[in-house]
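Below is one structure, written out as structure tokens, with a few remarks after it.
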Amino acid sequence: MNRLFFLTVLLPGILIAQHTIKGKFSPAKDYNVALLYKVTPTLSEYIANAEVNEDGTFQFKLDSTATKGMYRIVYAVPQEDYNFDVIYNGKEDIHLTFNSETGVTFQNSIENKLLASYTDSMSMVTQSIGNYFRQKSEDTLALNAIFKTQAETQSSFEAAAKNTIALSFIKANKPYIPKKFKDVGTYVDSLRHHYFDFVKFDDKTLQSSNFLEERMLNYVFGMSFNSADEITTYKKNIDVFCKAMKRAPIKVKRILLVDLWQQMADLNYEDVANYIAETYLMDIAVELNDQELLHGLILFKNLSIGNAAPDFSLEIQKEGKTVTKKISELNTAERYIIVFWSSGCSHCLDEVPQLRTYIQSKEKGNVQIVAVALEKDPLKWKNLISNYPEFIHVYGAGKWENQIGNDYGVTATPTYFILDKDKHIISKPENIEALKLFFEKE
């Protein structure tokens, strides 16, 4: 009975707190809370949050339901940018420090320290190879010795990581290692050609981490084809990457390519983003019946620089009469500014008067403003538009459900589009200052 009583008291404690992830952020003042997620190939499961103390320390307690695998610690927003991965093998506590400049360092955790040691060791060898070529040395034996060290380092870490989660990353990180001397040009070409040789895109551990994404981005943005055409290089690199990941599950392909598409869109490489969509992503969206993704890709393409602006009807005053026309039929200016605004938007009420003042400084007939007000109620809008008689005003009923706004992908106000005289999109300035800069550069 005494033994039974002891187990009854002790067992819940064992289940509640099995292992811990302890850490310390620096500088401490920059952090408030940390979030912990268990990462799988297609989703991240929220596990817990921890307050960051004044000295930067935090702690997560893991119970017996916390299975081994990849975990992600998020420390700021947006979450997809401010995070790092840790390996949890279900057998040990993890103790780490994180600095905004130097990244994560593990004080306790065999697997995480092993992987970090591997990364440091291989980086030192890579640096030695780089130094050799930069010095234009002719000592071929010295280079062969470095390649031998690289091969031995890789083999020793693979042996040390046997039966660990870290082994997946160590194998996947294996670089191209020549067996004999190669000149710098041949070596770099070989690195590019063999970049994905050891990356298993069907490995669930790799899929549950940032590894595949980082590998993708490093190749697409980092590998050069000795071409002055940056866009062509990106497209070639994307083709190589997509060929390499052909064995990946379609949902993993979707995640990676959506991320790459978004990167290109954010960097204003619209041609490359549309290439990703048309060559790869749209087919994936169709196969997955992902209508939201498909719609987003098509909308982005339709609103890309150089495309005809989506058409819509508006009313203009001509010789004392109200005439209905489509925006494509206007012929009153060399440039057109479509501004989506709202009478209840404080930013709009600040920027729209600035827009009017700025355009008044332009030669008459040079620029025409079409102001589309996304509204729920026309009363306030009607009282405001009398202040802007030179604008062509369009009432966008339904606010965020308005068809014109939807056709232009408007999710915030004010939103600007600049069109040429043929109503093709030539700029999408983020704010009034960017709009002024566009006209000043013309």
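The values are calculated or read from the model by the stated rules, or taken from the named source; none is laboratory data. Since the model is a prediction, treat every value here as computed from it, not as a measurement. Positions of Cβ are generated from backbone atoms using ideal geometry, with glycine treated the same way; all protein chains shown enter the neighbour counts. Keep in mind that these areas ignore ligands, DNA and RNA; they rest on the heavy atoms of the full protein, side chains included. Shrake-Rupley method; radii C 1.70, N 1.55, O 1.52, S 1.80 Å.
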Quiz item: In nm, what is the difference between 0.36 nm times the number of residues separating Ile385 and Thr164 and their Cα-Cα distance?
Solution: 72.8 nm
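Return the calculated 222 nm mean residue ellipticity for the chain, to the nearest 500 deg cm²/dmol, obtained by summing -39500 (n - 2.57) across DSSP H runs with n ≥ 4 and dividing by the residue count.
Helix contribution divided over all residues of the chain: -13000 deg cm²/dmol.
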Practice problem: Write out the cysteines belonging to the chain for which the nearest other cysteine Cβ is not under 4.7 Å, or none if no such cysteine exists. | Solution: Cys242
Quiz item: Once Rh for the range 83-220 is found with the Kirkwood sum over Cα pairs, what is the Stokes-Einstein diffusion coefficient at 25 °C and 0.890 mPa s, in µm²/s?
Solution: 149 µm²/s
Quiz item: Which whole-percent values make up P(r) of the chain when all C-alpha to C-alpha distances are grouped in 10 Å steps starting at zero?
Solution: 4, 15, 20, 20, 18, 13, 8, 3, 1, 0, 0
Quiz item: In the chain, what % of DSSP beta bridges are antiparallel (nearest 5)?
Solution: 70 percent
Exercise. Report, to the nearest 10°, how far helix 291-302 tilts away from the longest principal axis of the Cα atoms in the chain, using its own Cα long axis and a range of 0 to 90°.
Key: 60 degrees
Quiz item: Residues with amide H under 5 Å of Ala48's amide H, sequence separation 5 or more or different chain, H placed in the peptide plane at 1.01 Å from N; which?
Solution: Leu36
Quiz item: How large, in Å, is the range 215-306 by the Kirkwood hydrodynamic radius built from its alpha-carbon pairs?
Solution: 13.4 Å
Self-check item: Cα-based equivalent ellipsoid of the range 314-442: semi-axis lengths in Å, sorted from largest, via gyration tensor
Solution: 20, 18, 15
Self-check item: Residue-normalised accessible area of the range 202-346, given per residue in Å² at a 1.4 Å probe
Solution: 52 Å²
Quiz item: By its C-alpha gyration tensor, with a ≥ b ≥ c as the square roots of the eigenvalues, how is the range 144-207 shaped: rounded for a/c under 1.5, else prolate for a/b larger than b/c, else oblate?
Solution: oblate
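Please state, rounded to one decimal and in Å, the Kirkwood hydrodynamic radius that the range 48-126 gives when every pair of distinct Cα atoms enters the mean of 1/r. Could you put the intermediate results ahead of the total?
Details: mean 1/r = 0.0711 Å⁻¹.
Final number for the Kirkwood radius of the range 48-126 is 14.1 Å.
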Quiz item: Looking at the square roots a ≥ b ≥ c of the eigenvalues of the Cα gyration tensor of the range 317-381, which shape do they give, rounded for a/c under 1.5, prolate if a/b is larger than b/c, or oblate?
Solution: oblate
Exercise. Starting from the eigenvalues of the Cα gyration tensor, five times each then square-rooted, give me the equivalent ellipsoid semi-axes of the range 234-281, largest first, whole Å.
Key: 18, 12, 8
Quiz item: Under a 5 Å amide H to amide H cut-off, with H placed in plane at 1.01 Å, what residues pair with Thr57 once short-range neighbours are removed?
Solution: Phe25
Quiz item: Please state the equivalent ellipsoid semi-axes for the range 300-350: what are the square roots of 5 times the Cα gyration tensor eigenvalues, largest first, in whole Å?
Solution: 22, 20, 10
Quiz item: Tell me, what ³J(HN,Hα) does each residue in the range 405-420 have, in order and in whole Hz, if you take phi through Karplus 6.51 cos²θ - 1.76 cosθ + 1.60 with θ = phi - 60° and put x for Gly and Pro?
Solution: x, 5, 5, 9, x, 6, 10, 7, 10, x, 10, 10, 10, 10, 10, 7
Practice problem: Work out from phi, with θ = phi - 60° and the Karplus expression 6.51 cos²θ - 1.76 cosθ + 1.60, the ³J(HN,Hα) of each residue of the range 242-257, listed in order in whole Hz, and give x for Gly and Pro. | Solution: 5, 5, 5, 9, 4, 8, 6, x, 4, 5, 6, 4, 4, 4, 5, 6
Quiz item: Let a ≥ b ≥ c be the square roots of the eigenvalues of the Cα gyration tensor of the range 171-226; is it rounded (a/c under 1.5), or, if not, prolate (a/b larger than b/c) or oblate?
Solution: oblate
Quiz item: Karplus couplings for the range 303-314 from phi (6.51 cos²θ - 1.76 cosθ + 1.60, θ = phi - 60°), rounded to Hz, Gly and Pro as x?
Solution: 9, 6, 4, x, 7, 5, 5, x, 7, 7, 8, 8
Self-check item: Dmax and Rg, reported as Rg then Dmax, of the range 111-174 (C-alpha, Å)
Solution: 13.3, 42
Quiz item: Roughly what angle does helix 140-160 make with the longest principal axis of the chain, taking Cα atoms, 0 to 90 degrees, to the nearest 10?
Solution: 80 degrees
Practice problem: Would you mind telling me the share, in percent, of accessible area of the chain contributed by carbon and sulfur at probe 1.4 angstrom? | Solution: 52 percent
Quiz item: For the range 155-295, how big is Rg over Rh, using alpha carbon atoms and the Kirkwood form of Rh?
Solution: 1.01
Quiz item: Taking the Cα atoms only, what angle lies between the long axis of helix 346-360 and the longest principal axis of the chain, rounded to 10 degrees?
Solution: 50 degrees
